[in-house]
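Student: I'd like to ask some things about the structure below.
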Amino acid sequence: MTGPRIVIAPDGEQVGRAGARHIDRLRAAGALRTLGVATGSSPLPLYRALATLWRDGEHREHGDLGEHGDLTAFALDEYVGLPSSHPESYHSVVAREVTGPLRLDPERVHVPCGDTDAPDRAAARYEELIRAAGGIDLQILGIGGNGHIGFNEPGSAPDSRTRVVDLADDTRRANARFFETLDDVPRRAVTQGIGTILDARRLLVIVHGAGKAGLLATAFDGPVTAGFPASILQRHPDVTVMTDPVAADGLAAHHTIEETSG
Ligand code: GLP
């Protein structure tokens, strides 16, 4: 199995620009009909750069939708028990950071439903929706400080599917920055499973920033273990990692590493 392709750019903004170009190339090649979108702060520069790229490249009028209004998108996860209208629900975040700026068709942008009395049923429906769409061509992924992908916390099974999970205490503390108090951070979420994520045809991992120092070495050079969910990405045959020098620090010399100025 070939390892990940690793692209290092000087900082988060330039990581974002390199990621946007990667997505645009796949789209132009006809290889991107279904995009998996991550929340968290890591992919935000990518969404901004992609919005600029696609706006600048537009030459036809399509009413309110842009040229990529036929792209289908699936979010990775959503909090359980937070109204969808809450500004920090992933419904709101995806609408604000992705659907609007990229001028996607809101009808084609899917986020798991956590604002329901039956989140288990909603999770199963979401898994089915992804399958019915023909799977995900490219999944964008961040990595949490404890190695989580989506909201698959340490201990998640490698073959897990979309389901309801309890959030780890350190995840709730990390995400408290988006809420008024720690108590306001939901305790559960619906997340695509690790098995669901591994089914995507391609993965684009975006990791940068001081808080992520050495994270990639743990993910890609350490043992594959449920204790650090991102390590399972070593098992996927088509992974591109876009990162900065801090997060890439300590990566083993055998990796294919490219540098870009963004
Ligand atoms: C969040 C999201 C993940 C994200 C991760 C890292 O809790 N559920 O999908 O990848 O944590 O976030 P950040 O990019 O802000 O470090």
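Student: Within the set of pairs 6+ apart or on separate chains, which have a first residue in region 203-218 that is farther than 12 Å from I143 by Cα, a second that is part of a strand (DSSP E or B) and near the ligand (Cβ under 10 Å from one of its atoms), and C-beta atoms under 9 Å apart?
Tutor: Matching pairs, first to second residue: L203/I140; L203/L141.
Student: Say we look at region 64-96 and pick out the residues that are in a loop (DSSP other than H, G, I, E, B) and among the acidic types (D, E); which of these is nearest to the ligand (Cβ to nearest atom)?
Tutor: Residue satisfying both the conditions and the ranking: E88.
Student: If we scan region 245-255, do we find a residue that is in contact (Cβ under 8 Å) with a residue 24 or more places away in the chain, more than 16 Å from the ligand (Cβ to nearest atom) and either hydrophobic (A, V, I, L, M, F, W, C) or touching a Leu at 6+ places or on another chain (Cβ under 7 Å) (or both)?
Tutor: yes
Student: Pick from region 165-182 the residues that are farther than 15 Å from G81 by Cβ and among the charged types (D, E, K, R): which of them is nearest to the ligand (Cβ to nearest atom)?
Tutor: Filtering region 165-182 for residues that are farther than 15 Å from G81 by Cβ and among the charged types (D, E, K, R), the one nearest to the ligand (Cβ to nearest atom) comes out as R177.
Student: Mind telling me which of the residues G36, G40 ends up being within 16 Å of the ligand (Cβ to nearest atom), surrounded by 15 or more Cβ atoms within 10 Å (Cβ to Cβ) and at positive phi?
Tutor: None of the others qualify; the one that does is G40.
Student: Name the single residue, out of those in region 183-198 being surrounded by fewer than 16 Cβ atoms within 10 Å (Cβ to Cβ) and away from the ligand (no atom under 14 Å from the Cβ), that is nearest to I136 (Cα to Cα).
Tutor: Here the answer is D184.
Student: I need a count of the residues in region 1-54 that are at pLDDT 95 or above and among the aromatic types (F, W, Y).
Tutor: 1
Student: Let me ask something additional. Specify the residue that is nearest to V165 (Cα to Cα); the eligible residues are those in region 107-125 that are outside any loop (DSSP other than H, G, I, E, B) and in contact with a Ser or Thr (Cβ under 8 Å, 6 or more places away or on another chain). Reasoning before the result, please.
Tutor: Step one: filter region 107-125 for residues outside any loop (DSSP other than H, G, I, E, B), giving 107-110, 119-125.
Those left that are additionally in contact with a Ser or Thr (Cβ under 8 Å, 6 or more places away or on another chain): 108-110, 122-124.
Working: R108: 25, V109: 22, H110: 19, A122: 13, A123: 10, A124: 13 Å.
Out of the qualifying residues, it is A123.
Student: Tell me whether region 161-172 contains one or more residues that are at pLDDT 95 or above, in contact with a helix residue (DSSP H, G or I) (Cβ under 8 Å, 6 or more places away or on another chain), exposed (fewer than 14 other Cβ atoms within 10 Å of the Cβ) and not aliphatic (A, V, I, L, M).
Tutor: The answer is no; no qualifying residue exists.
Student: Within region 111-145, restricting attention to residues that are surrounded by fewer than 17 Cβ atoms within 10 Å (Cβ to Cβ) and touching a Phe, Trp or Tyr at 6+ places or on another chain (Cβ under 8 Å), which residue is farthest from F228 (Cα to Cα)?
Tutor: A133
Student: Can you tell me which residue within region 3-32, out of those that are under 18 Å from the mean Cα position of the chain (by Cα) and without any contact (Cβ under 8 Å) to a residue 40 or more places away in the chain, is surrounded by the most Cβ atoms within 10 Å (Cβ to Cβ)?
Tutor: If we take residues in region 3-32 being under 18 Å from the mean Cα position of the chain (by Cα) and without any contact (Cβ under 8 Å) to a residue 40 or more places away in the chain, then A20 is surrounded by the most Cβ atoms within 10 Å (Cβ to Cβ).
Student: Now for a different question. Of everything in region 45-60 that's surrounded by fewer than 18 Cβ atoms within 10 Å (Cβ to Cβ) and part of a helix (DSSP H, G or I), which residue is farthest from the ligand (Cβ to nearest atom)?
Tutor: D56
The values are calculated or read from the model by the stated rules, or taken from the named source; none is laboratory data. Bear in mind that the values here come from a model prediction, so they are computed numbers and not experimental data. A quick note on method: Cβ atoms are made from the backbone with ideal geometry, for glycine too, and the neighbour counts reach across all protein chains shown.
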